[in-house]
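Chemist: Take this structure first; my questions come after.
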């Protein structure tokens, strides 16, 4: 098991149960107690969890958005498969709006090597395009980054979106269902997603199956706004069928 996979498993176990001991996590992962202690120190430094005597506990309250550092460890392989499929849906020469979030960050790493024009909505994705310039053309929006998230929001971001038109908007989500549509944890983030969808000819949503059937606090729009959903095999079959019934093309990877 790789370090990233083990960190993701530990983070999920602590998040789901509210806390776990070193011994419990060692049994779960097959790693030594010493390795688990080092892992917990690393994850605590990233703000994923809190170290306590003999183990760790979750920092999340019920209904609270998991921090970026925690989400970055979750469903990594699925996010990379989803990103590969989304990249394949985008033709060379397209203009692309790229939402914030960990799945969209994986898309950024692929689009950096493509002759496309991309406006990312997070500092992390902007850094990906800027650190090793490739054939992609980077357009940077205005806006104020959300603390710890790096997602750009506010009137300057909305003004940037209103001034441009994109071939494809690649949108992440906190929750998606046929009944409640696309939702987010943060009101400002929801406003940016809504404006991004309006600015694009086509909307592609990329999310792991665990977010299907889930509803977050802030409403973005109905599922009928989505042209294509790219998800993984963990997506609930009934939710996939309902979304397809609403007119969304669903691709499972």
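Chemist: I'm checking my understanding of the structure. Among residues of region 206-248 that are out of contact with any helix residue (DSSP H, G or I) (no Cβ under 9 Å at 6 or more places or on another chain) and outside any helix (DSSP H, G or I), which one is nearest to residue 107 (Cα to Cα)?
Modeler: 227
Chemist: While we're on this one: Among the residues of region 143-160, which ones are assigned to a helix (DSSP H, G or I) and in contact with a helix residue (DSSP H, G or I) (Cβ under 6 Å, 6 or more places away or on another chain)?
Modeler: Within region 143-160, 157, 158 qualify.
Chemist: Hey, which of the helices (runs of 4 or more DSSP H) in region 12-95, taking only ones fully inside, have at least 2 residues that are modelled with pLDDT of 95 or more?
Modeler: Values: elements: 22-29, 33-45, 68-71, 76-89.
Per the criteria, 22-29, 33-45, 76-89.
Chemist: For region 164-184, indicate whether the set of residues that are assigned to a helix (DSSP H, G or I), in the same structural domain as residue 118 (by TED's automatic domain parsing) and in contact with a helix residue (DSSP H, G or I) (Cβ under 9 Å, 6 or more places away or on another chain) is non-empty.
Modeler: Scanning region 164-184 turns up no residue that is assigned to a helix (DSSP H, G or I), in the same structural domain as residue 118 (by TED's automatic domain parsing) and in contact with a helix residue (DSSP H, G or I) (Cβ under 9 Å, 6 or more places away or on another chain).
Chemist: Follow-up. Tell me yes or no: at least one residue of region 133-142 is in a strand (DSSP E or B) and either at pLDDT 95 or above or not assigned by TED's automatic domain parsing to the domain that holds residue 224 (or both). Give the derivation first.
Modeler: Taking region 133-142 and keeping what is in a strand (DSSP E or B), we get 137-138.
From what's left, either at pLDDT 95 or above or not assigned by TED's automatic domain parsing to the domain that holds residue 224 (or both): 137-138.
The answer is yes; a qualifying residue exists.
Chemist: Another one. Based on this model, can you work out whether residue 159 counts as over 24 Å from residue 246 (Cα atoms) and either over 14 Å from the mean Cα position of the chain (by Cα) or at pLDDT 95 or above (or both)?
Modeler: So residue 159 fits the description; yes.
Chemist: Go through the residues of region 86-108 one by one and say whether even a single one is under 30 Å from residue 10 (Cβ atoms) and surrounded by fewer than 17 Cβ atoms within 10 Å (Cβ to Cβ).
Modeler: No: region 86-108 contains no residue that is under 30 Å from residue 10 (Cβ atoms) and surrounded by fewer than 17 Cβ atoms within 10 Å (Cβ to Cβ).
Chemist: Let me ask something else. Conditions: (1) surrounded by fewer than 20 Cβ atoms within 10 Å (Cβ to Cβ); (2) in contact with a strand residue (DSSP E or B) (Cβ under 8 Å, 6 or more places away or on another chain); (3) in contact (Cβ under 8 Å) with a residue 60 or more places away in the chain. Residue 179 meets all but one. Number of the miss?
Modeler: Just one mismatch for residue 179, condition (2).
Chemist: Would you say residue 118 is buried (at least 24 other Cβ atoms within 10 Å of the Cβ), under 20 Å from the mean Cα position of the chain (by Cα), without any contact (Cβ under 8 Å) to a residue 24 or more places away in the chain and part of a strand (DSSP E or B)? Walk me through it before giving the result.
Modeler: Numbers: buried (at least 24 other Cβ atoms within 10 Å of the Cβ): yes; under 20 Å from the mean Cα position of the chain (by Cα): yes; without any contact (Cβ under 8 Å) to a residue 24 or more places away in the chain: yes; part of a strand (DSSP E or B): yes.
Criteria met by residue 118.
The values are calculated or read from the model by the stated rules, or taken from the named source; none is laboratory data. Model, not experiment: these values are computed from the prediction. Neighbour counts run over all protein chains shown; Cβ positions are idealised from the backbone, glycine included.
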